[in-house]
1. Can you list the residues of the range B:115-130 with backbone N under 17 Å from a point 7 Å past the Cα of B:VAL164, pointing along Cα to Cβ?
2. Relative contact order (percent) for chain A, with alpha-carbon contacts under 8 angstrom and 6 or more residues of separation?
3. When the accessible area of chain A is split by element with a 1.4 Å probe, what percent falls to carbon and sulfur?
4. Considering the protein assembly as shown, which cysteines have no disulfide-compatible partner, defined as another cysteine with its Cβ under 4.7 Å away?
5. Taking 25 °C and 0.890 mPa s as the conditions, I'd like the Stokes-Einstein D for the protein assembly as shown in µm²/s, using the Kirkwood hydrodynamic radius from alpha carbon pairs.
6. Using only atoms on other chains, find how many Cβ atoms lie within 10 Å of each Cβ of peptide A:67-76 and report the average.
7. Taking the alpha carbon gyration tensor of the range A:25-97, what are the square roots of 5 times its eigenvalues, largest first, to the nearest whole Å?
8. Using a 10 Å cut-off on Cβ to Cβ distances, tally the other chain neighbours for every residue of A:53-63 and report the average as a whole number.
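The values are calculated or read from the model by the stated rules, or taken from the named source; none is laboratory data. What you are looking at is a predicted structure, and each value in this text was computed from that prediction instead of being measured. Ideal geometry is used to build each Cβ from the backbone, glycine not excepted, and the neighbour counts take in all protein chains shown. With ligands, DNA and RNA removed, areas are computed over all heavy atoms of the protein, side chains included. Shrake-Rupley method; radii C 1.70, N 1.55, O 1.52, S 1.80 Å.
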Amino acid sequence: MPRGVHDLGGLPAGPVDLSEHDRTFFDQRVDAMMRLLTHPQNGHYTVDAMRRAIESLPRDDYFGLGYYERWVRAIRQLALEKGLISEDELERKLAAIQPSEPNK
Amino acid sequence: MAHEHHHDHDPHAPVNEAHGMRPDSVLLERALRELLIEKNVFTASEIQRQIELTESRNPELGARVVARAWVDPRYKARLLEDAKAAIESLLGIDLNLTPDLIVVENTPQLHHVICCTLCSCYPRAVLGIPPAWYKSPEYRSRLVIEPRAVLAEFGTALADDVEVRVVDSTADTRYMVLPRRPRHTERMSEAELVALVTRDSMIGVTLVPEPQP
């Protein structure tokens with residue numbers, strides 16, 4: 001069985017970057033959404049489903065995106081899978097909030 | 001929402017912008033949040049309360065647990081036996097919904113250091129949000145094969161006769177390290193000990209520093 005993209009233990013890698021990163025409001029909101037969605041009382045989906053969604057991201061996204069950028073894509077995938085929202089609704093919402101100029 | 005907070009002098013306050021984030025990530029977050037609120041999946045105030053709860057969990061909680069274990073051998077025994085119950089009773093927090101939590105004790109012969117090779121599992125209930133390096137591919141890859149080399153990058157050198165045990169966390173079981181009590185702390189109060197305990201020592205990448213004379 002091939003190694004999953006997330007299965008990093010034992011692979012060679014460079015030095016650990018020890019710098020501390022600031023949390024952003026984006027990070028906080030994505031973290032909070034995930035926690036609310038996986039909360040057993042809400043029952044929308046489990047942490048394991050969340051992990052599966054993150055671990056099935058394409059390799060370039062898995063390594064190219066920030067931590068919470070991966071999470072927000074996993075939330076999208078599961079919200080669609082579970083029928084909490086539809087593709088159409090998401091498209092319409094994205095179009096509605098899209099900045100009018102592509103690069104602001 | 002209190003966006004002006006990033007102008008505070010608190011170095012731990014969140015910031016508005018992250019470097020290198022893709023613009024579509026920002027849009028996607030906003031779109032999902034607004035849609036899920038419209039669909040009554042959660043409310044805006046639930047998000048705010050969740051953020052506040054997450055922010056209330058920080059390494060000082062873990063430090064209080066460590067200091068109590070150092071001064072009270074019976075508490076330490078309970079902590080090593082059933083960490084969740086011992087932590088709930090000391091801190092008065094509810095760990096009912098958090099994954100299983102195991103505290104591993106460092107001794108002069110045995111040094112534990114925790115990681116999560118598969119993702120970012122971390123004892124958030126007592127240490128808060130994991131540092132960026134804990135989630136990095138480099139830490140996740142290398143700690144399990146060359147722990148002493150990784151520890152050296154944190155400035156930690158252990159004697160050759162100390163066994164290093166790497167503990168790999170899972171989504172269901174989290175670990176926290178009970179670090180060794182440093183020398184020259186015999187006369188310190190429990191509150192002073194709390195202030196001495198660092199986040200990194202409870203991950204196991206560093207030792208608790210001896211107090212400055």
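1. So the set is B:115-117.
2. On the way: 48 pairs, mean separation 24.7, N = 104.
That works out to 24 percent.
3. Details: 2830 of 5730 Å².
Its accessible area is 49 percent carbon and sulfur atoms.
4. Among the cysteines of the protein assembly as shown, those whose Cβ sits 4.7 Å or more from every other are B:CYS115, B:CYS119.
5. Numbers: Rh = 21.1 Å.
Roughly 116 µm²/s, to the nearest whole number.
6. Numbers: counts 7, 4, 9, 2, 3, 10, 4, 0, 5, 4.
Per residue, the number of nearby Cβ atoms from other chains is 5 on average.
7. On the way: eigenvalues 61, 59, 34 Å².
Taking √(5λ) for each Cα gyration eigenvalue gives 17, 17, 13 Å.
8. Values: counts 0, 2, 2, 0, 0, 0, 0, 0, 1, 1, 1.
Taking the mean over all residues of the peptide, I get 1.
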